[in-house]
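Undergrad: Pasting a structure below so you can have a look.
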Amino acid sequence: MHVIAKSLDIVVLLKLLLERQKRPYAQLSKELGISASEIHASVQRSIEAGLVDSETRFPLRKPLEEYLLHGVRYAFPAKPGPVARGMPTAYAAPPLLEKISQDDLPPVWPDPNGTVRGYSVEPLYGCVPVAAKADAVLYSLLALVDTLRVGRARERNLAEEELRQRLTHAYAT
């Protein structure tokens, strides 16, 4: 068996983490702005990779934590792009916004309706800005993952700590 992860899988894994019960792919499709078949394929890849329980469709805590903290940065690196208008991400978005002072331009997902000018960061997947606008908790998780992708050492350390806390909380409730 040969599993090739896609950046979409991170988005779907984080959304599944926030779910309290199994819901139809069609419902998740509407919330994420991607097709139900893409979600199904993503979940299947994550099951094969040992990141999701095949019965509950809930991400497995330890493998997910290891993947997010140690793999995403290398599997889906992000490089700062040109200045653009967009939606703040990484350490320029909650929950790290309050913890890190910024002197330079913030990282943003390009968005013509965005309110912040900063250096562009390609989102993990095209649906990310829309999904983040619709779900503040998902937005914070995606921003933390982006901090791992684009942040400096101090910022990445803060993001790792915050992600660990959020994962612990998600599995405790």
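The values are calculated or read from the model by the stated rules, or taken from the named source; none is laboratory data. On a predicted model such as this, the values are computed, not experimentally measured, just so you know. Every residue, glycine as well, gets a Cβ built from its backbone with ideal geometry; the counts of neighbours run over all protein chains shown.
Undergrad: Among (1) crowded, with 22+ Cβ neighbours inside 10 Å; (2) in a loop (DSSP other than H, G, I, E, B), which single condition is L105 missing?
TA: Of (1) crowded, with 22+ Cβ neighbours inside 10 Å; (2) in a loop (DSSP other than H, G, I, E, B), only one is false for L105: (1).
Undergrad: Within the range 112-139, can you find the residues that are over 19 Å from A36 (Cβ atoms), touching a Leu at 6+ places or on another chain (Cβ under 8 Å) and not in a loop (DSSP other than H, G, I, E, B)?
TA: R117, G118, Y119, A132, V137
Undergrad: Considering only helices (runs of 4 or more DSSP H) fully contained in the range 1-95, which possess at least 2 residues that are of a type in the set (G, A, S)?
TA: 25-32, 36-48
Undergrad: With (1) at pLDDT 95 or above; (2) of a type outside the set (G, A, S); (3) surrounded by 17 or more Cβ atoms within 10 Å (Cβ to Cβ) as the list, and Q44 as the residue in question, which single condition is left unmet?
TA: (3)
Undergrad: Can we say K99 is in contact (Cβ under 8 Å) with a residue 40 or more places away in the chain, surrounded by fewer than 16 Cβ atoms within 10 Å (Cβ to Cβ), not aliphatic (A, V, I, L, M) and not in a helix (DSSP H, G or I)?
TA: yes
Undergrad: So how many residues does the range 140-163 have that are part of a helix (DSSP H, G or I) and in contact with a helix residue (DSSP H, G or I) (Cβ under 7 Å, 6 or more places away or on another chain)? Reasoning before the result, please.
TA: Here is the first cut: in the range 140-163, the ones part of a helix (DSSP H, G or I) are 140-150, 153-163.
Next, from what is left, pick out any that are in contact with a helix residue (DSSP H, G or I) (Cβ under 7 Å, 6 or more places away or on another chain): 141-150, 155-156, 159-160, 162-163.
Number of matching residues: 16.
Undergrad: Would you call A90 on the phi > 0 side of the Ramachandran plot, touching a helix residue (DSSP H, G or I) at 6+ places or on another chain (Cβ under 6 Å), crowded, with 17+ Cβ neighbours inside 10 Å and not basic (K, R)?
TA: Answer is yes for this residue.
Undergrad: Follow-up. Here are P24, P80: which of them is of a type outside the set (S, T, Y) and either surrounded by 14 or more Cβ atoms within 10 Å (Cβ to Cβ) or touching a strand residue (DSSP E or B) at 6+ places or on another chain (Cβ under 6 Å) (or both)? Full working, then the answer.
TA: Numbers: P24 fails: either surrounded by 14 or more Cβ atoms within 10 Å (Cβ to Cβ) or touching a strand residue (DSSP E or B) at 6+ places or on another chain (Cβ under 6 Å) (or both).
Exactly one residue qualifies, and that residue is P80.
Undergrad: From the set of residues in the range 137-153 that are in contact (Cβ under 8 Å) with a residue 40 or more places away in the chain and among the charged types (D, E, K, R), which is surrounded by the fewest Cβ atoms within 10 Å (Cβ to Cβ)? Talk me through it step by step, then tell me what you get.
TA: Step one: of the range 137-153, the residues in contact (Cβ under 8 Å) with a residue 40 or more places away in the chain are 137-151.
Okay, now just the ones that are also among the charged types (D, E, K, R), so 146, 149.
Values: D146: 28, R149: 24.
Top of the filtered list is R149.
Undergrad: Condition first: closer than 24 Å to Q21 by Cβ and loosely packed, with under 13 Cβ neighbours inside 10 Å. Now tell me which residues in the range 154-173 satisfy that. Outline the logic, then answer.
TA: At the first step, the residues of the range 154-173 found to be closer than 24 Å to Q21 by Cβ are 163, 165-173.
Those that are closer than 24 Å to Q21 by Cβ and loosely packed, with under 13 Cβ neighbours inside 10 Å: Q165, T168, H169, A172, T173.
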